[in-house]
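Computed from the coordinates by the stated procedures, all read-outs in this text should not be read as laboratory data. Since the structure is predicted, the reported quantities are computational estimates derived from the model, not experimental observations. Heads up, the Cβs are rebuilt from the backbone with ideal geometry, glycines too, and the neighbour counts pull from every protein chain shown.
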Amino acid sequence: MALSSPLSYKAVTDRLTELRTTGERQPREVCTLGHWLFLEYNGFMDTSSAVFWLTVEQVLLATLDTKTWGFANKLLSMLRKKFPESKRVDLLGGMLLEAQGQYQDATSVYQRVLQTDETNVVAQKRMVAIAKAQGRLTDAIAQMVQYVDVHSNDQDAWLELCDLYVSRSMLPQAAFAMEELLLLQPLNHIYHQKYAELHYTMQNYDIALKYHCRSLELCTDYLRALYGIKQCLIKLSTLPNSAGA
């Protein structure tokens, strides 16, 4: 077997495991390592192990970012052959269609998954992502509201909903989403900062100042909070009723 990879089999698998464990997003590196693993070192791999199939999935997800569709389809075919009835594999197929801009076909995949599992988190979130990609922000908001009604502890979903509201200039609603996040993570200085900035934009400078201060209290070297405090004080000093304060 010709081994053209500059890394050993162990080095390749160890690095892929490290990236999978840490969640670090390095799609180009993962794709390169995946090519070496599946093309150069194919004979070394134990295809009966769960780690092997997790690696196939990991590399497939990376190909969606690098747009290496041929490699992606090869990996997806491997998964479908091994797990022909898997909803997880169906979702990966939908994500591949979505990455290629085939939104209608991807939507059909997600809808089929939801017909048999209406609480499937990945399918619901992918439907929101498609609505965003197509510019249907009202639909995306409606779907995300429905989602957080059921999954109220999902912080990523509340952040996404907040950003969707901001994109439609629905700032009070965005602030409400941040309030939910503050209830879930009261010691997160970034959440306090984001909430403060929303109120600053709404010209609620007193509330903004309070939450900028709280953000700085939670992270004493957070310069963004310090700058926010300065800006709030400038705005408050120019208000008509501040002269006699």
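May I ask for the angle, rounded to the nearest 10°, between helix 69-82 and the longest principal axis of the chain, with both axes built from Cα atoms and the value confined to 0 to 90°?
It is inclined by approximately 70 degrees.
For the chain, how many pairs of lysine residues have a Cα-Cα distance under 16 Å, where the two are 8 or more positions apart or belong to different chains?
Working: Lys74/Lys82; Lys87/Lys125; Lys194/Lys210; Lys194/Lys230; Lys210/Lys230; Lys210/Lys235.
Total qualifying Lys-Lys pairs in the chain comes to 6.
From the helices alone, meaning DSSP H stretches of at least four residues, give me the mean residue ellipticity at 222 nm for the chain, per-run term -39500 (n - 2.57), in deg cm²/dmol to the nearest 500.
On the way: 13 runs with 177 residues, N = 245.
Taken over the chain, the calculation gives -23000 deg cm²/dmol.
Taking 0.36 nm per residue of separation and subtracting the Cα-Cα distance, what length does fully extending Asn241 through Glu85 add? Could you put the intermediate results ahead of the total?
Numbers: separation 156, 0.36 × 156 = 56.16 nm, distance 6.79 nm.
Between Asn241 and Glu85, full extension yields 49.4 nm more.
If you put +1 on each Lys and Arg Cβ and -1 on each Asp and Glu Cβ, how big is the dipole of the chain around its Cα centre, in Debye rounded to 20? Numbers along the way, then the final one.
Working: 24 positive and 26 negative charges, 90 e Å.
Value, rounded to 20: 440 debye.
Quick one: length gained pulling Ser8 to Asp46 fully straight, 0.36 nm per residue minus the C-alpha distance? Spell out each step's value before the answer.
On the way: separation 38, 0.36 × 38 = 13.68 nm, distance 1.62 nm.
Additional length available on full extension: 12.1 nm.
Given contacts defined as C-alpha pairs under 8 Å and at least six residues apart, what's the relative contact order of the chain, whole-number percent?
Working: 229 pairs, mean separation 19.2, N = 245.
Relative contact order, the chain: 8 percent.
If you line up the long axis of helix 223-237 against the longest principal axis of the chain, both from Cα atoms, how many degrees apart are they, to the nearest 10?
30 degrees
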